[in-house]
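Heads up, the thing below is written out as structure tokens.
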Amino acid sequence: MRSVPNIFISSLAVGDLLLLVTCVPVDAFRYFYEEWIFGTVACKMIPVIQLTSVGVSVFTLTALSAD
């Protein structure tokens, strides 16, 4: 179970779970309410988490296909 492809796949799963837990509820909330209640820090951090998750996913898929 500790092979390189399994590590890459688990990294991809963790990145997807991070995106699912942090960003999806906030994005869903934005469609139903007009005002932002999460504060300034969340306003800055949510896009950072989204872009980091996408970057890690692309890098992981590239490394997995190269392996």
Could you look through region 14-35, keep only residues that are in a helix (DSSP H, G or I) and among the acidic types (Asp, Glu), and pick out the one that is least open to solvent (accessible area, probe 1.4 Å)?
-> ASP27
Mind counting the residues in region 1-10 that are surrounded by 10 or more Cβ atoms within 10 Å (Cβ to Cβ) and either modelled with pLDDT under 85 or not small (Gly, Ala, Ser) (or both)?
-> 6
Confirm whether GLY55 is surrounded by 12 or more Cβ atoms within 10 Å (Cβ to Cβ) and either under 13 Å from the mean Cα position of the chain (by Cα) or among the basic types (Lys, Arg) (or both).
-> no
Among the numbered conditions (1) among the hydrophobic types (A, V, I, L, M, F, W, C); (2) more than 26 Å from LEU64 (Cβ to Cβ); (3) loosely packed, with under 10 Cβ neighbours inside 10 Å, tell me where ALA42 comes up short.
-> (3)
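The values are calculated or read from the model by the stated rules, or taken from the named source; none is laboratory data. Not measured: the values here are computed from a predicted model. Glycine also receives a Cβ, built like all others from the backbone with ideal geometry; neighbour counts cover every protein chain displayed. Keep in mind that these areas ignore ligands, DNA and RNA; they rest on the heavy atoms of the full protein, side chains included. Shrake-Rupley method; radii C 1.70, N 1.55, O 1.52, S 1.80 Å.
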